[in-house]
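> Have a look at this one before I ask anything.
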Amino acid sequence: MSEIKIIPTTGRNNCGGRCIIYAHVRDGVIEKLSTETRGTPDHPVPLCACAKGLNYHKTFLGEDRLRYPMKRIGERGEGKFVRISWKEALDILTEEYIRIRDTYGPGSRYINDGCGISAIMCGDRMMQRLLALDGGYLGCYNSYSSACIRNATKITYGTCETGTYPSDWMNSRLIILWGHNPAETKFDSSTLFYLKKAKAAGIPIIVIDPRKNDTVLALDAEWIPIRPATDSALADAMAYVILREDLQDQTFLDNCCLGFDSAHMPEGADPSQNCRSYLLGEHDGIPKTPEWAEKITGIPAGTIRSLAVRYATARPAALIQGYGPQRNAYGEQSARGAILLSCLTGNVGVSGGYAGGTGDCSTHEQPSFPVPDNPYNRRLPVFLWTDAVDHGLKMTEYDGLRTCHQGIFDNPTGLTLDSNIKMIFNLASNTLINQHGDINRTVKLLKDTSKCEFIVCSDLFMTASARFADLLLPGVSMFEEENITKPWRYTEFLGFNNKVIEPLSECRTEYDWIRELAGRIGLEDAFTEGRDYEQWLRYLYEDLRTREPELPEYNVFREKGIYKYEEKGYPIPFEKEVRDPAHHPFPTPSGRIELFSTKLWHAPLKDFIPPIPRYVAPPEGPEDPLTRRYPLQLSGWHTKARSHTVHDNNPRLRKLDPQQLWIHSEDAATRGIQDGDLVLIYNDRGQIKVPAKITDRIAKGVTALSQGAWYTPDDNGVDVRGSINVLTSQRPTPFARGNGQHTNLVEVEKL
Ligand SMILES: Nc1nc2c(c(=O)[nH]1)N[C@H]1C(S)=C(S)[C@@H](COP(=O)(O)OP(=O)(O)OC[C@H]3O[C@@H](n4cnc5c(=O)[nH]c(N)nc54)[C@H](O)[C@@H]3O)O[C@H]1N2
Ligand SMILES: Nc1nc2c(c(=O)[nH]1)N[C@H]1C(S)=C(S)[C@@H](COP(=O)(O)OP(=O)(O)OC[C@H]3O[C@@H](n4cnc5c(=O)[nH]c(N)nc54)[C@H](O)[C@@H]3O)O[C@H]1N2
Ligand SMILES: [Mo]
């Protein structure tokens, strides 16, 4: 028997973990994976893999891998394919590519947002590059991750760089995790590490979430159950209490904020439309009291009152929102409500506080595969691609259509599209079906081959999206090719994804066949600039090194599999703006934190989303009259057992968190449901059959199902695996035009 070789590598799926993986390889076979379990004095946080990371080889290298190119032979979506050669695959691809380009123009081509390869060398960027060199394509903006919180943060602070390193939370006197579940849903390795330290140091931690999530258990934290999509009502009532008790940081509000009271309103705006008047009910006669919010959120008024006082008096305090609250119907307001509280209490620009919002903290540059400017110069929010398949020609700036340089709802110019989407590239993505809202609507739309005429998928498995391909190409997994991976929110390291084994069967990287396509349409030199895959990686790394001179030589980096930047302290965002606002304006149009958004004030949306952060009852929220038919709220979350849809084919991980509907014991009792019973969850959009988990770890009137299970319809179209997007909608949020996929109403029945 030959020796075991240990090869360092990193995961590249889109879970924020990006941990270090050591592959133990003997004779070309991966025997096991291990990880970094201990930090060092220089870098105390280990980039430690969880169960997902330690299972990559079991997930990716099984019998169910796609191994050959295939073309569709049955109806689209039926799942009938036949094996073809790579030559035939390229023939079909080239022919359809040229036909669609020449018939409908460059704007008929779309690349789906997706994140199966969250690394430099990824198919979607490569395809963007090729299409940009060949007339352009319909581009996209936003993401499925953070559309609402990003737009909300941008309009309020003028930047999304509002985060600091988690080690700073050791300086907080109270930590509130608001719809944030880092024990299960990874943003990085350091968040949970420092939260555990904070807990051990005696800093109180409160979690606000419809579910008593794993983080509550891991940190032995206090749990405040809330109805989904009502976070801004809780924020309003907390703000009301803080004002009534005179606990606000008035100096901060006066010096740094726009729109909090009538004395600080933008010129031309009705001065009575400020936050304070709204909270006190000066306009609508409804003071936003804890009693008012109790009816909406389900949180007892006394709990709201004491939460508000605790937060306002424990300075500095860090109120940290995850992305769960903003993946809701009016998710922009959930994010803005939390920012309002940070401002009201003067927790912005201070160590131990937290400004709120997206919380990016980019201390180092993130490299990416280069894409030239898109000559078609039009893009849509990622969540609206199905509309562009259906009726792109009717879409306007009101739908979020904009040029590549135009901001959201900026200077409308009457922009329109030249074509509906006719060709889709869905590369390392499952958003074609599984991860987009309202699966049944998408299925119907894509089955009609007169609408979108050609779909190319590259994946590792026969996913729900892959079943809708016309041409299905087998990609390589993280073990079969090199790449450079980037961390998520805190950019303090760079990972090298080493090649561990040879590609399985006929699997090929996206670069390989996109380059060949480029050659067939006469663009090979422009596309490759003379570089092969490995040369691109080296080139992009060396290019980055010119700006990040601390990085080691390529071969050293590759051999170690990781480079951790020297820790040189961390930024406290807005420190100087808050200390000396007269000389350091915030990067907003007014130079102040725009609690009253001048942008929203001018946008044609006032009925849905007002210029100030405040609760607006969302469609399919707990106050929607639709609750008479569908009385239960259904929310989702990102489970520890998967990275979205990745690993659902791995039985070990399925066992770690079986796909079940969480339902409160009282809601189960009124429906005669026992623990483990098979139940039908339904609304007008679809039906799912899964076992019920009866638990008091969820708010009353609320159910939850983790997102990312593989859509698996039975003969009647009922999903039998628990893919939540059968029940979600494609209704975009009002301002960001984002995905409110956590806001749904359903009914549940025992089967
Ligand atoms: N294990 C794992 N980690 C992941 C991922 C994964 O798939 N698996 N995906 C990665 C990606 S791409 C992303 S974008 C992030 C996603 O990160 P998040 O968006 O933060 O994750 P979620 O699980 O959707 O939401 C976080 C918490 O918010 C709660 N929540 C849901 N709706 C509401 C609400 O209306 N109000 C309040 N207060 N809470 C609510 C959920 O119950 C959950 O506990 O995670 C990343 N990390
Ligand atoms: N209801 C609901 N829907 C959601 C969410 C939610 O919270 N609720 N979350 C949203 C969020 S935050 C996100 S980011 C999206 C994620 O949506 P996606 O990016 O579509 O999700 P993934 O499951 O990560 O899809 C990755 C695909 O790439 C494939 N893949 C993995 N590794 C490789 C590789 O090396 N090569 C190739 N070629 N393919 C590979 C996988 O098999 C999988 O099909 O989902 C969104 N959808
Ligand atoms: Mo995401």
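The values are calculated or read from the model by the stated rules, or taken from the named source; none is laboratory data. Here the structure is a predicted model, which is why all the values come from computation and not from measurement. Cβ placement follows ideal geometry from the backbone for every residue including glycine, while neighbour counts extend to all protein chains displayed.
Results for (1) under 25 Å from G16 (Cβ atoms); (2) at pLDDT 95 or above; (3) outside the structural domain of F596 (by TED's automatic domain parsing); (4) surrounded by 20 or more Cβ atoms within 10 Å (Cβ to Cβ), shown as yes or no for each residue.
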{"site": "G324", "(1), (2), (3), (4)": "yes, yes, no, yes"}
{"site": "N328", "(1), (2), (3), (4)": "yes, yes, no, yes"}
{"site": "G331", "(1), (2), (3), (4)": "yes, yes, no, yes"}
{"site": "G337", "(1), (2), (3), (4)": "yes, yes, no, yes"}
{"site": "L340", "(1), (2), (3), (4)": "no, yes, no, yes"}
{"site": "T345", "(1), (2), (3), (4)": "no, yes, no, yes"}
{"site": "Y354", "(1), (2), (3), (4)": "yes, yes, no, yes"}
{"site": "P372", "(1), (2), (3), (4)": "no, yes, yes, no"}
{"site": "Y376", "(1), (2), (3), (4)": "no, yes, yes, yes"}
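> Moving on to the next point. Looking at I203, I176, I155, I149, which is the one that is in a loop (DSSP other than H, G, I, E, B) and of a type in the set (A, V, I, L, M, F, W, C)?
When all the criteria are applied, what remains is I203.
> Kindly indicate whether any position in segment 196-204 is farther than 29 Å from E594 by Cα, within 16 Å of ligand 2 (Cβ to nearest atom), within 29 Å of the chain's Cα centre (by Cα) and buried (at least 17 other Cβ atoms within 10 Å of the Cβ).
no
> Follow-up question, since we're still on this one. Within segment 542-581, how many residues are exposed (fewer than 15 other Cβ atoms within 10 Å of the Cβ), modelled with pLDDT under 95 and either within 26 Å of the chain's Cα centre (by Cα) or aliphatic (A, V, I, L, M) (or both)?
So the count comes out to 1.
> So which of G686, G740, G717 ends up being of a type in the set (G, A, S), more than 16 Å from ligand 2 (Cβ to nearest atom) and either touching a helix residue (DSSP H, G or I) at 6+ places or on another chain (Cβ under 9 Å) or within 28 Å of Y56 (Cβ to Cβ) (or both)?
G717
> Kindly indicate whether D696 is at pLDDT below 95 and in a loop (DSSP other than H, G, I, E, B).
No: the conditions fail for D696.
> Please work out if G359 is closer than 30 Å to L551 by Cα, within 16 Å of ligand 3 (Cβ to nearest atom) and not acidic (D, E).
yes
> When residues of segment 259-279 are filtered for being closer than 16 Å to R592 by Cα and in a loop (DSSP other than H, G, I, E, B), how many remain?
Selection size over segment 259-279: 8.
> Only residues that are closer than 26 Å to S729 by Cβ and not aliphatic (A, V, I, L, M): list them for segment 671-694, please.
R671, Y682, N683, D684, R685, G686, Q687, K689, P691, K693
> Give the residues of segment 621-670 that are more than 13 Å from ligand 2 (Cβ to nearest atom), assigned to a loop (DSSP other than H, G, I, E, B) and closer than 15 Å to G722 by Cβ, sorted by residue number.
Across segment 621-670, the qualifying residues are D657, P658, Q659, Q660.
> Could you give me the residue pairs with C-beta distances under 7 Å whose first residue belongs to segment 397-425 and is on the phi > 0 side of the Ramachandran plot, whose second residue is aliphatic (A, V, I, L, M) wherever it lies, and which are 6+ apart or on separate chains?
G400/L380; G400/L384; G400/I408; F409/A603
> Here's a follow-up. Do you know which residues across segment 224-240 are within 16 Å of ligand 2 (Cβ to nearest atom) and in a helix (DSSP H, G or I)?
Answer for segment 224-240, where residues must be within 16 Å of ligand 2 (Cβ to nearest atom) and in a helix (DSSP H, G or I): just D231.
> Check whether at least one residue in segment 59-67 is free of Cβ contacts under 8 Å to residues at least 24 places away in the same chain, within 16 Å of ligand 2 (Cβ to nearest atom), not basic (K, R) and not assigned by TED's automatic domain parsing to the domain that holds A466, and report yes or no.
Yes, segment 59-67 contains at least one residue that is free of Cβ contacts under 8 Å to residues at least 24 places away in the same chain, within 16 Å of ligand 2 (Cβ to nearest atom), not basic (K, R) and not assigned by TED's automatic domain parsing to the domain that holds A466.
> Does any residue in segment 637-654 that is under 16 Å from E63 (Cβ atoms) come within less than 6 Å, Cβ to Cβ, of a residue that is more than 12 Å from ligand 2 (Cβ to nearest atom) six or more places away or on a different chain, and which pairs are these?
Pairs that qualify, where the first residue is under 16 Å from E63 (Cβ atoms) and the partner is more than 12 Å from ligand 2 (Cβ to nearest atom), are H647/L653; N650/N55; N650/K58.
> Do the conditions hold for T103, that is, is it under 28 Å from L138 (Cα atoms) and hydroxyl-bearing (S, T, Y)?
yes
> Could you tell me whether segment 482-490 includes any residue that is under 28 Å from P552 (Cα atoms), of a type outside the set (D, E, K, R), touching a residue at least 40 places away in the same chain (Cβ under 8 Å) and touching a Cys at 6+ places or on another chain (Cβ under 7 Å)?
Yes; the residues of segment 482-490 include at least one that is under 28 Å from P552 (Cα atoms), of a type outside the set (D, E, K, R), touching a residue at least 40 places away in the same chain (Cβ under 8 Å) and touching a Cys at 6+ places or on another chain (Cβ under 7 Å).
> Please identify the pairs in which a residue from segment 1-21 that is touching a residue at least 24 places away in the same chain (Cβ under 8 Å) and in the same structural domain as G475 (by TED's automatic domain parsing) has its Cβ atom under 8 Å from the Cβ atom of a residue that is buried (at least 24 other Cβ atoms within 10 Å of the Cβ) and assigned to a loop (DSSP other than H, G, I, E, B), counting only partners at least 6 apart or on another chain.
Matching pairs, first to second residue: none at all.
> Is it the case, given these coordinates, that I286 is of a type in the set (A, V, I, L, M, F, W, C) and either without any contact (Cβ under 8 Å) to a residue 24 or more places away in the chain or outside the structural domain of L344 (by TED's automatic domain parsing) (or both)?
yes
> Out of all the residues in segment 17-27, is one or more in a loop (DSSP other than H, G, I, E, B), surrounded by 14 or more Cβ atoms within 10 Å (Cβ to Cβ) and either away from ligand 1 (no atom under 16 Å from the Cβ) or not basic (K, R) (or both)?
yes
> Specify which of the listed residues (A308, A269, A263) is within 31 Å of the chain's Cα centre (by Cα) and either surrounded by fewer than 17 Cβ atoms within 10 Å (Cβ to Cβ) or in the same structural domain as T191 (by TED's automatic domain parsing) (or both).
A308
> Test of understanding: among T491, T449, T463, T442, which residue is more than 8 Å from ligand 2 (Cβ to nearest atom) and buried (at least 24 other Cβ atoms within 10 Å of the Cβ)?
Just one listed residue meets the conditions, T442.
> Could you list, in sequence order, the residues of segment 110-153 that are away from ligand 3 (no atom under 16 Å from the Cβ) and of a type in the set (D, E, K, R)?
Selection gives R125, R129, D134.
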